[in-house]
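Enquirer: Got a structure here, written out as structure tokens. Questions coming.
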Amino acid sequence: MRATWIMAVKEVQEALRNRWVLATTLLMAGLSLALTFLGSAPTGSVGVRALDVVIVSLSSLTIFLLPLIALLLAHDAIVGEMERGTMLLLLSYPVGRGQVVLGKFLGHLAILAFATLLGYGAAAVALLLTGAEIQAASWLAFAAMIGSSVALGAVFVALGYLVSALAGSRSTAAGASIGIWLALVLIYDMALLGLLVVDQGRVISAGLLNVLLLLNPTDIYRLVNLAGLGNASAFSGMAGLTADAALTPSILVLALGLWTVLPLGMAAVSFSRREL
């Protein structure tokens, strides 16, 4: 456990030296503040809660931005150290390969969690400074959005580690990571929407649709935040989806956990069998 903790601290220190933490936090804070002031401007005239509108805006931003940041952080975590020759030196210390993978993963997850909490927290602080009225239910939904955003980041960090453990070079890992981002963030939903339009409910039942949604972590995140939270679901236009969905919040959280544990476990196994 001590070796895992040391590896996690090492990753955080390297990210601080490389300005990754600073750049990620500033990017997320800047975008969240822009969405807060631009998105909540008309709420006074339409009678909706400002923080609920911010939750919908930040959830949509998270689906595109956080997976990309996570993959950029993680794609060369293993293969990069192997190419630089530092992995052999690292493994000369009393640390197992599984501990290396887990420690690096925890370090990168801590960086993402810090940037998400600080960046998105800036949006809530900005709303408070403008004098906006925020109810307890909105605070709970906002906290759930931040927690699920970190969970989505964990999924893509784990996928990045799997790519890094399997790839033969950093350039291959980078290309595969971009491919994963395109497939899960952009292509999958467009293909699913087209399939539903063509099918017109003849083959794809509600149960099969639920399974198809669980096969994409960004869809799980979207269901948690844009369809599972009362006011946010009304603003996002996804309230109708939750009326027929059998996917409870506990199932969705479990699915995000499996999307993290399985790729990370596969990365650890692949790395343990790899020759240096």
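The values are calculated or read from the model by the stated rules, or taken from the named source; none is laboratory data. None of these values were measured; they are calculated from a predicted model. All Cβ positions, even for glycine, are placed from backbone atoms using ideal geometry, and neighbour counts span all protein chains on display. Surface accessibility is based on the protein's heavy atoms, side chains included, excluding ligands, DNA and RNA. Shrake-Rupley method; radii C 1.70, N 1.55, O 1.52, S 1.80 Å.
Enquirer: Would you pick out the residues in segment 208-222 that are of a type in the set (Val, Ile, Thr) and closer than 21 Å to Leu65 by Cβ?
Expert: Once the filter is applied, which keeps residues that are of a type in the set (Val, Ile, Thr) and closer than 21 Å to Leu65 by Cβ, segment 208-222 yields Thr218, Ile220.
Enquirer: If you go through segment 250-276 one residue at a time, how many are open to solvent by 50 Å² or more (accessible area, probe 1.4 Å), part of a helix (DSSP H, G or I) and of a type outside the set (Phe, Trp, Tyr)?
Expert: 10
Yes/no per residue for (1) touching a residue at least 24 places away in the same chain (Cβ under 8 Å); (2) of a type in the set (S, T, N, Q); (3) surrounded by fewer than 24 Cβ atoms within 10 Å (Cβ to Cβ):
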residue	(1), (2), (3)
Gln135	yes, yes, yes
Leu152	yes, no, no
Ala158	yes, no, no
Ser164	yes, yes, no
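Enquirer: Six or more apart or on different chains, Cβ under 9 Å: which pairs go from a residue in segment 30-41 that's assigned to a helix (DSSP H, G or I) to one that's modelled with pLDDT under 80 and of a type in the set (Gly, Ala, Ser)? Could you list them?
Expert: Thr36/Ala50; Gly39/Ala50
Enquirer: Among the residues of segment 175-213, write down those that are within 28 Å of Ala158 (Cα to Cα), of a type in the set (Gly, Ala, Ser) and over 18 Å from the mean Cα position of the chain (by Cα).
Expert: Across segment 175-213, the qualifying residues are Gly175, Ala191, Gly207.
Enquirer: Write out, first by first residue and then by second, each pair whose Cβ atoms fall under 8 Å of each other, whose residues are 6+ apart or on separate chains, and whose first residue, in segment 1-28, is on the phi < 0 side of the Ramachandran plot while the second is among the polar types (S, T, N, Q) and open to solvent by 50 Å² or more (accessible area, probe 1.4 Å).
Expert: Ala3/Gln99; Thr4/Gln99; Met7/Gln99
Enquirer: Among the candidates Ile220, Ile146, Ile180, single out the residue that is at pLDDT 95 or above and among the aliphatic types (A, V, I, L, M).
Expert: Selected residue: Ile180, the only one of Ile220, Ile146, Ile180 that is at pLDDT 95 or above and among the aliphatic types (A, V, I, L, M).
Enquirer: Quick one: which residue in Arg84, Arg17 is at pLDDT 85 or above, among the basic types (Lys, Arg) and over 23 Å from Tyr221 (Cβ atoms)?
Expert: Working: Arg17 fails: at pLDDT 85 or above.
Going through Arg84, Arg17 in turn, just one is at pLDDT 85 or above, among the basic types (Lys, Arg) and over 23 Å from Tyr221 (Cβ atoms): Arg84.
Enquirer: Say we look at segment 168-177 and pick out the residues that are open to solvent by 60 Å² or more (accessible area, probe 1.4 Å) and not hydroxyl-bearing (Ser, Thr, Tyr); which of these is modelled with the highest pLDDT? Let's see the steps before the verdict.
Expert: Going residue by residue through segment 168-177, those that are open to solvent by 60 Å² or more (accessible area, probe 1.4 Å) are 168, 170-172.
Of the ones still in play, those that are also not hydroxyl-bearing (Ser, Thr, Tyr) are 168, 170.
On the way: Gly168: 88, Arg170: 91.
Taking the candidates together, the pick is Arg170.
Enquirer: Please count how many residues of segment 70-107 are part of a helix (DSSP H, G or I), open to solvent by 10 Å² or more (accessible area, probe 1.4 Å) and touching a residue at least 12 places away in the same chain (Cβ under 8 Å).
Expert: Total satisfying the criteria: 12.
Enquirer: Kindly establish whether Val48 is surrounded by fewer than 22 Cβ atoms within 10 Å (Cβ to Cβ) and modelled with pLDDT under 85.
Expert: Details: surrounded by fewer than 22 Cβ atoms within 10 Å (Cβ to Cβ): yes; modelled with pLDDT under 85: yes.
In short, yes.
Enquirer: Another question, then. Conditions: (1) under 30 Å from Leu186 (Cβ atoms); (2) in contact with a helix residue (DSSP H, G or I) (Cβ under 6 Å, 6 or more places away or on another chain). Gly98 meets all but one. Number of the miss?
Expert: (1)
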